[in-house]
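Here is the structure we will look at.
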Amino acid sequence: MKRMTENFLKKLKDVKLLAMDFDGVHTDGLVYMNEDGGEAVICSRVDGMGLELLRAHSDVKTCVISKEENLVVAARCRKLKIVCHQGIEGGEGKLETLKKIMSEDNLGNTEVIYIGDDVNDIPCLKEVIGVAVANARPEVKKITQYTTAAFGGGGAIREICDFILEAKGIKIVL
């Protein structure tokens, strides 16, 4: 596992966009289905609080780039006030979407973090500051700059939000 280093923390100071996959990052990767085909997932309120704190105390934008086109993904993103790009096929499709976002916001590769967990995230993870969740595929962990201590759906997003705020010198006191 790639641990937090001062060098990695310094990279986060200039971050302006936190982009994330959904399944396996906001969730543990499991999906619950009923007999009618309806789906449900479990997301972490800890991650939600991290995103809320990041939004309230910094200028860092957030977005989800997901292969799944699903009402569950859309609903969670709406609740968290995250821009949601759904139905993005393949790693190259995700990368194309990420590059479009970066171009529209005039962002360089060192100003963007992407958090992923599976092989279709690899092109995005290689393009910017790549972060793997603890339960990511081995081939994903191998190419990222950092692997979270927490699992997807279990605080991994909060971990990164806290590090971004720390790198920017923002202390949260409630």
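The values are calculated or read from the model by the stated rules, or taken from the named source; none is laboratory data. Quantities reported herein were computed from a predicted structural model and do not represent experimental measurements. Cβ atoms come from the backbone with ideal geometry, glycine included; neighbour counts cover every protein chain shown.
Every residue, every condition in (1) of a type outside the set (A, V, I, L, M, F, W, C); (2) closer than 23 Å to I42 by Cβ; (3) under 13 Å from the mean Cα position of the chain (by Cα), yes or no:
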site	(1), (2), (3)
V60	no, no, yes
E69	yes, yes, no
P138	yes, no, no
T148	yes, yes, yes
I164	no, no, yes
V173	no, no, no
Worksheet item: What number of residues within the stretch 19-47 satisfy the criterion of being outside any loop (DSSP other than H, G, I, E, B) and either touching an Asp or Glu at 6+ places or on another chain (Cβ under 7 Å) or surrounded by fewer than 19 Cβ atoms within 10 Å (Cβ to Cβ) (or both)?
Response: 6
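Identify, from the list K67, K16, the residue that is surrounded by 17 or more Cβ atoms within 10 Å (Cβ to Cβ) and modelled with pLDDT under 95.
On the way: K16 fails: modelled with pLDDT under 95.
It is K67.
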Discussion item. Restricting to the stretch 73-104, name every residue that is surrounded by 17 or more Cβ atoms within 10 Å (Cβ to Cβ), hydrophobic (A, V, I, L, M, F, W, C), out of contact with any Pro (no Cβ under 8 Å at 6 or more places or on another chain) and assigned to a helix (DSSP H, G or I).
Written reply: V73, C77, L80, L98, I101, M102
Worksheet item: If you scan the stretch 129-149, which residues turn out to be touching a residue at least 40 places away in the same chain (Cβ under 8 Å), hydrophobic (A, V, I, L, M, F, W, C) and not in a strand (DSSP E or B)?
Response: V133, A134, A136, A149
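Report yes if G154 is farther than 16 Å from E52 by Cβ and modelled with pLDDT under 95, otherwise no. Steps first, please.
On the way: farther than 16 Å from E52 by Cβ: yes; modelled with pLDDT under 95: no.
Criteria not met by G154.
Being without any contact (Cβ under 8 Å) to a residue 24 or more places away in the chain, among the β-branched types (V, I, T) and closer than 30 Å to V173 by Cβ narrows it down to one of V83, V60, so name that one.
Details: V60 fails: without any contact (Cβ under 8 Å) to a residue 24 or more places away in the chain.
Of V83, V60, the one residue that is without any contact (Cβ under 8 Å) to a residue 24 or more places away in the chain, among the β-branched types (V, I, T) and closer than 30 Å to V173 by Cβ is V83.
Examine the stretch 109-128 for a residue that is β-branched (V, I, T), in a loop (DSSP other than H, G, I, E, B), touching a Gly at 6+ places or on another chain (Cβ under 6 Å) and within 20 Å of L12 (Cα to Cα), and state whether such a residue exists. Spell out how you get there, then give the answer.
As a first pass, look at the stretch 109-128 and keep what is β-branched (V, I, T): 110, 112-113, 115, 119, 122, 128.
Checking which are in a loop (DSSP other than H, G, I, E, B) leaves us with 128.
Okay, now just the ones that are also touching a Gly at 6+ places or on another chain (Cβ under 6 Å), so none.
No: the stretch 109-128 contains no residue that is β-branched (V, I, T), in a loop (DSSP other than H, G, I, E, B), touching a Gly at 6+ places or on another chain (Cβ under 6 Å) and within 20 Å of L12 (Cα to Cα).
Identify all residues within the stretch 48-72 that are in a helix (DSSP H, G or I), within 16 Å of D23 (Cα to Cα) and out of contact with any helix residue (DSSP H, G or I) (no Cβ under 6 Å at 6 or more places or on another chain); write none if there are none. Full working, then the answer.
Our first condition is that a residue be in a helix (DSSP H, G or I); within the stretch 48-72, this holds for 48-57, 71-72.
Now drop any that are not within 16 Å of D23 (Cα to Cα), which leaves 48, 71-72.
The answer is L71, V72.
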